[in-house]
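The structure appears right after this line, and notes come after that.
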Amino acid sequence: MPDSVREVVSARLQRLPEGAREVARLLATVSNRVEFTVLREASGLDTGLVAAALGELVGTGLVQELDGPEPSYQFAHALLRDAVSEPLAALTSSGLHLRLARALEHIHEADRRGVLAELAWHFSAAAAVGGRDKAVYYGRRAANHARRTAAYDEAASVLRTVLAVVPGGTVDRASLLVDLGDLLERSGRVLEAIRVWVEAYETASLTGEVALTAQAAIGFEQAAHVAHSYNASMDAVRMLDEVLRACGDADSAMRARVRGALARAEQLAGRPGAESIALAALDEARRVGDDDALVVALEAATIVLTDPRTVLDLSYELERLTLATGDIWRSMWATGNRTRVLLEFGDLAAARETIARHRERAMAFRFVLFRFQCEVFDSILALADGRFDDAEGSIEGAERIGADEPTLPNAGIYGLQMFLIRREQGRLEEIRPTLQLLRTQSSSQPVWRPGLALAYAELGLADEARGTIAELAADGFRSVPRDNLWPVALSFLADTCLLLDDATNAPVLLAELDRFAGHTLAAGFSACAGPADRLRAGLAELAGRPDQADKLVLDALALVERSGSPVWRARLEQTWSQMLARRGDDAGADEHLARAASIAELIGQLFVQVQGAGAAGAAPGAPVPAELPDGLTPREVEVLKLVAVGRSNREIAATLFISPNTAANHVRSILQKTASGNRTQAAAYAVRHNITTS
């Protein structure tokens, strides 16, 4: 504070009557505008004196009168306000805050929702003169109101202000920390929420209040689940076990809630028995007839239970229950898990409808976690549709959302989805170095070892692929965890096995795939690798079970047709072609290969054409013929010839009867393989290698 400002303000105030100085002191305790009626109530002066005082203050230039339905006032500048408030003694300032708080209470007695945050703030500042209890009361009300209005940051700030004047080891402090943790989690600040939940649990434990301790433990577990943290989930198991022992053996709503949360924590921690705990929690919640307990148990069940049909039914029950009580946050678990199950069923149309509702609520209530989920789901659906650019745009949108919150698992999801996109575009060579690096890092996800094996196989590096598969098969593939990513990792292993004609591992992987019969290989909220029955059919053929293979390929066809996915259809036709080629049915193999190639051309799905040719002719996974340099495919050579004579992507598309998007993908792949920085360099490469038009 410059001395000159302080001196000028002090001199101006000294020339004013005491009533004006008192009104100025009240105004100085507030950082924003104050209504005339509140100033009048807090000052204790009659209307005429307050109006005269404000007239004097406005006349000096210290205070501004603001437009609005009711006259309101504030200092013309923060420095002017501080020049008045700083010299005030602490108890004097606390007393002014108390007067303003009581005035706000009285003026807004009919409806205090709009001033809850102000009331909590003023009563907190008046804690030394008796305002603490009211600060806690209004702090809680502000937090509850924020859940309905999505003003999370404002309410979190208020709660921190209140917590600053509430002593440790008290029920009030533990209760406020529970509210703060919930607000932070809903706003997407999960890392911060985890720290708050830990303090809430420790504080509640000191008070001996079991119900409050249970709330804190359940909140911590949910944050650990959102962060997908194994270590935090282990801590949650410990907390919940302690609370469960304190609950006793008798049925109760609290015990049902704790058991529901424990089921989810056990699953993420990789411990056995999660499904049975979830079912027990559901049964207990229904027996005691407590809706909140049932909501927690349903949340856990829709995540932990493995039967998709049961999960689908429970998701509808969860949505009905939460919407009836107005708890939109918890309803999001219903629509999110329902979308996941619909993807497993291959019902892409129903998944789109559910995502639309999911997105509407996520946007309206500013739920960062569920906005992130919507972007991932959009990417999964776009990939299944063959809209690869849209799929990439959506997953990049998810990455941008996750960049602001490090506990959202965006890095793993982004990498996995981009792998699937690049695979369909025939661009795995671009990410092979990254996969090799991830394989050597102990902190990376185990899914990348199967991913590297598949990349090797599809790039024609059969020896490297066999070596990687041999490492993974040494313990029956047990080194790849059976977690949420296992279905996609399993798809990588199965496709690699098919490309390598690996009859030894085919029965092992076929047995692993049996539990996914009739469904897609969906990895939770992360990715979807298409119908499991396609891979089961190919592996059954490899294992010498042609009758089973024929049945499974028709099962896969039924799911693919129901889904409407051209990408899944092209993959199925390719696998079908490989099956028939192994039987020596060249005509049938060529027919299915032609179907695969036709679909692939329309959507720019490059890989199927290359491997399909291998399936009908050379052994699956064989490298590109040696006469084509740098791994160029025959189709890429055709495109390169046209690039060399200056044709645009649109002209190339018209000449070769392909889409412009497919032409662009071919050109991108050519530039990558030939290490050309642009089309001119690619043309020069074509001349050097005698790749010219006839």
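The values are calculated or read from the model by the stated rules, or taken from the named source; none is laboratory data. Given the structure is predicted, the values throughout are model-derived calculations rather than measurements. Because the Cβ atoms are built from the backbone with ideal geometry, glycine has one as well, and the counts that use them run over all protein chains shown. Surface areas here come from the heavy atoms of the whole protein model, side chains and all, with no ligands, DNA or RNA. Shrake-Rupley method; radii C 1.70, N 1.55, O 1.52, S 1.80 Å.
Tell me yes or no: at least one residue of the range 15-25 is out of contact with any strand residue (DSSP E or B) (no Cβ under 9 Å at 6 or more places or on another chain), open to solvent by less than 60 Å² (accessible area, probe 1.4 Å), in a loop (DSSP other than H, G, I, E, B) and in contact (Cβ under 8 Å) with a residue 12 or more places away in the chain. Yes, the range 15-25 contains at least one residue that is out of contact with any strand residue (DSSP E or B) (no Cβ under 9 Å at 6 or more places or on another chain), open to solvent by less than 60 Å² (accessible area, probe 1.4 Å), in a loop (DSSP other than H, G, I, E, B) and in contact (Cβ under 8 Å) with a residue 12 or more places away in the chain. The number of residues in the range 500-512 that are on the phi < 0 side of the Ramachandran plot, assigned to a loop (DSSP other than H, G, I, E, B) and touching a Gly at 6+ places or on another chain (Cβ under 9 Å) comes to 2.
So which of 136, 165 ends up being of a type outside the set (Gly, Ala, Ser) and open to solvent by less than 30 Å² (accessible area, probe 1.4 Å)?
Numbers: 165 fails: open to solvent by less than 30 Å² (accessible area, probe 1.4 Å).
Result of the check over 136, 165: 136.
I'd like the full set of residues that are not in a loop (DSSP other than H, G, I, E, B) and not acidic (Asp, Glu), limited to the range 513-530. So that I can check it myself, show each step before the final result.
Initially, the range 513-530 is screened for residues not in a loop (DSSP other than H, G, I, E, B), giving 513-516, 520-523, 527-530.
Listed by number, the residues that qualify are 513, 515, 516, 520, 521, 522, 523, 527, 528, 529, 530.
Only one residue in 532, 537, 522 is under 18 Å from residue 382 (Cβ atoms) and surrounded by 24 or more Cβ atoms within 10 Å (Cβ to Cβ), so which one is that? Steps first, answer last, please.
Working: 532 fails: under 18 Å from residue 382 (Cβ atoms); 537 fails: under 18 Å from residue 382 (Cβ atoms).
Sole residue among the options that is under 18 Å from residue 382 (Cβ atoms) and surrounded by 24 or more Cβ atoms within 10 Å (Cβ to Cβ): 522.
Can you find a residue that is open to solvent by 50 Å² or more (accessible area, probe 1.4 Å) and touching a Gly at 6+ places or on another chain (Cβ under 9 Å) anywhere in the range 570-583?
no
For residues in the range 168-190 being in contact (Cβ under 8 Å) with a residue 40 or more places away in the chain and open to solvent by 10 Å² or more (accessible area, probe 1.4 Å), which is farthest from the chain's Cα centre (by Cα)? Let's see the steps before the verdict.
If we filter the range 168-190 for residues that are in contact (Cβ under 8 Å) with a residue 40 or more places away in the chain, which is where we start, we get 171, 174, 176, 178-179, 181, 183, 185-190.
Next, only the ones that are open to solvent by 10 Å² or more (accessible area, probe 1.4 Å) stay: 171, 178-179, 186-187, 189.
Numbers: 171: 33, 178: 23, 179: 22, 186: 12, 187: 12, 189: 12 Å.
Here the residue is 171.
Restricting 334, 293 to those that are under 30 Å from residue 150 (Cα atoms), surrounded by 24 or more Cβ atoms within 10 Å (Cβ to Cβ) and more than 19 Å from the chain's Cα centre (by Cα) reduces the list to 293.
Scanning for something more than 16 Å from residue 565 (Cβ to Cβ) and open to solvent by 10 Å² or more (accessible area, probe 1.4 Å), does the range 376-388 turn up at least one residue?
Residues of the range 376-388 that are more than 16 Å from residue 565 (Cβ to Cβ), as a first pass: 376.
Of the ones still in play, those that are also open to solvent by 10 Å² or more (accessible area, probe 1.4 Å) are none.
Looking for residues that are more than 16 Å from residue 565 (Cβ to Cβ) and open to solvent by 10 Å² or more (accessible area, probe 1.4 Å), one finds none in the range 376-388, hence no.
Taking the stated definitions as given, is residue 320 open to solvent by 10 Å² or more (accessible area, probe 1.4 Å) and under 22 Å from the mean Cα position of the chain (by Cα)? No: the conditions fail for residue 320. Every test in (1) in contact with a Pro (Cβ under 6 Å, 6 or more places away or on another chain); (2) within 22 Å of residue 478 (Cα to Cα) is passed by residue 599 save one, and that test is (2).
Close contacts from the range 38-64, counting a first residue that is in a strand (DSSP E or B) and a second that is open to solvent by less than 60 Å² (accessible area, probe 1.4 Å) and of a type in the set (Phe, Trp, Tyr), with Cβ to Cβ under 9 Å and a gap of 6+ residues or different chains, come to 63/73; 63/75; 64/73; 64/75. If you go through the range 364-376 one residue at a time, do you hit one that is of a type in the set (Lys, Arg), touching a residue at least 12 places away in the same chain (Cβ under 8 Å) and either part of a helix (DSSP H, G or I) or under 30 Å from residue 294 (Cα atoms) (or both)? Within the range 364-376 (the criterion being of a type in the set (Lys, Arg), touching a residue at least 12 places away in the same chain (Cβ under 8 Å) and either part of a helix (DSSP H, G or I) or under 30 Å from residue 294 (Cα atoms) (or both)), the answer is yes, since at least one residue qualifies.
Residue 519 meets the conditions (1) out of contact with any Ser or Thr (no Cβ under 8 Å at 6 or more places or on another chain); (2) touching a residue at least 40 places away in the same chain (Cβ under 8 Å); (3) under 19 Å from residue 424 (Cα atoms) in every case but one. The failed one is (3). Under the condition of being under 21 Å from residue 412 (Cα atoms) and open to solvent by 50 Å² or more (accessible area, probe 1.4 Å), the residues counted in the range 480-508 number 3.
Would you check which residues across the range 193-251 are of a type in the set (Gly, Ala, Ser) and surrounded by fewer than 20 Cβ atoms within 10 Å (Cβ to Cβ) and list them? It would help to see each step written out before you state the result.
Our first condition is that a residue be of a type in the set (Gly, Ala, Ser); within the range 193-251, this holds for 193, 200, 204-205, 208, 211, 214, 216-217, 219, 223-224, 227, 229, 232-233, 236, 246, 248, 250.
If the condition is that a residue be of a type in the set (Gly, Ala, Ser) and surrounded by fewer than 20 Cβ atoms within 10 Å (Cβ to Cβ), then 208, 211, 246, 248, 250 are the ones that fit.
Restricting the range 26-71 to residues that are crowded, with 20+ Cβ neighbours inside 10 Å and β-branched (Val, Ile, Thr), the residue that is nearest to residue 97 (Cα to Cα) is 29.
Evaluating residue 470 against the criteria (1) modelled with pLDDT of 95 or more; (2) over 22 Å from residue 267 (Cα atoms); (3) surrounded by fewer than 22 Cβ atoms within 10 Å (Cβ to Cβ) leaves one unmet condition, (1).
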